[in-house]
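None of the figures in this text is laboratory data; all of them are computed from the coordinates on show. Keep in mind it's a predicted model, so treat the numbers as computed, not measured. FYI the Cβ positions are ideal-geometry reconstructions off the backbone, even for glycines, and counts take in every protein chain you see.
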């Protein structure tokens, strides 16, 4: 009888340990984030995944082995492609953009980034977009900060001219002005 009880206890502990391991290991390293913005009738929703720096080299020349090499396609986050939805026609980085949903991606470089909005939706982030479906391309200057941002972040803030979409990771900062047309 003692042997049966010991076996049952061992089985219960093993199952509890397995379940605990699955719960801990299933937390995403790059959690999904939805950012919503609403002002003057403009609604913006952005869905992306937020990788962390975790001591890695984030941006740089390919020869240095960065996570995001200069001059190469980057999905602006991790996992699935980053998608943005705007409820009104706007100027996005100074260029006209119709209301709608778009896949957003970048080609980072040291001094500026090429930022593109593409009509191809619902794709995994590793799948490079069909560039013929790009509806807008802009160049955004890069700013650097002395303080590092650990987790990739996209946020919206107001100023006197409209809204700004800010992108921050590591010591890099970008700002894209958005104005209602």
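Given the options 54, 103, 75, which has the most mean-square fluctuation in a GNM of the chain, springs set between C-alpha atoms less than 10 angstrom apart?
So, out of 54, 103, 75, the one fluctuating most is 54.
For residue 16 and residue 52, what does the FRET efficiency come to when R0 = 35 Å and r is the distance between their Cβ atoms, rounded to the nearest 0.05? Mind showing how you got there, number by number?
Details: r = 29 Å, r/R0 = 0.83.
It comes out at approximately 0.75.
Residue 130 to residue 171: extension gain in nm, 0.36 nm per residue of separation minus the Cα-Cα distance?
Details: separation 41, 0.36 × 41 = 14.76 nm, distance 3.01 nm.
Value of the extension gain: 11.7 nm.
So how long is each side of the chain along the principal axes, counting just the alpha-carbon atoms, biggest first, in Å?
Sorted largest first, the three principal extents are 79, 42, 34 Å.
Pulled fully out, how much extra length does the chain show between residue 150 and residue 110, if you take 0.36 nm times their separation in residues and subtract their Cα-Cα distance? Write out the running numbers ahead of the final one.
Numbers: separation 40, 0.36 × 40 = 14.40 nm, distance 1.90 nm.
Full extension from residue 150 to residue 110 adds 12.5 nm.
Based on the Cβ-Cβ distance of residue 29 and residue 138, what FRET efficiency does E = 1/(1 + (r/R0)^6) give at R0 = 30 Å, to the nearest 0.05? Intermediate results must be reported in sequence, preceding the final value.
On the way: r = 30 Å, r/R0 = 0.99.
The pair residue 29/residue 138 has a calculated efficiency of 0.50.
What 222 nm value per residue comes from the helices of the chain, counting each DSSP H run with n ≥ 4 as -39,500 (n - 2.57) and dividing by all residues, nearest 500 deg cm²/dmol?
-4500 deg cm²/dmol
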